[in-house]
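Here's the structure we're looking at; comments come further down.
The values are calculated or read from the model by the stated rules, or taken from the named source; none is laboratory data. Owing to the predicted nature of the structure, the values given are computational and were not obtained by experimental measurement. Here the Cβ positions follow ideal geometry from the backbone for every residue, glycine too, while neighbour counts run over all protein chains shown. Accessible surface is based on the protein model in full, side chains and every heavy atom, while ligands, DNA and RNA are left aside. Shrake-Rupley method; radii C 1.70, N 1.55, O 1.52, S 1.80 Å.
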Amino acid sequence: MAEDIILKPKTITKPKLERPKLYKVILVNDDYTPREFVIMVLKAVFRMSEETGYRVMLTAHRLGTSVVVVCARDIAETKSKEAMDLAKEAGFPLMFTTEPEE
Ligand code: TYC
């Protein structure tokens, strides 16, 4: 019967469109990878210019780490793996890490 239909009060739900978290790719300094090789990897994998690559490399060299790029998690992880694979092939211990942005 129509009277038996219980009408639930409608709750207004906010549309939840959460922005996907962004991730930082971080270049880590070491004592063995040549500066030129680091710049080459930054240019090849992260499409950096020579100047930007040099600046990012030098920041990591001086401070220990440097942010390379901020992007979606899968891209951050794929690119840092690509970069470390290049280094591994060449026999260098160059390391990239990823971490969520605050
Ligand atoms: N410290 C290295 C050297 O003196 C160069 C280098 C810079 C290595 C940045 C890694 O993330 C790095 N040859």
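Some points to look at:
- Cβ-defined net charge surrounding Met84, 15 Å radius [Lys, Arg +1; Asp, Glu -1]: -2
- Restricting attention to the chain, lysine pairs at least eight places apart or on different chains and with alpha-carbon atoms under 27 angstrom apart total 13.
- For segment 1-99: relative contact order, % (alpha-carbon pairs under 8 angstrom, 6 or more apart): 40 percent
- Heavy-atom accessible area per residue - the chain, 1.4 Å, Å²: 77 Å²
- Electrostatic tally near Met48: other residues with Cβ closer than 13 Å to its Cβ, Lys and Arg +1, Asp and Glu -1, net +2.
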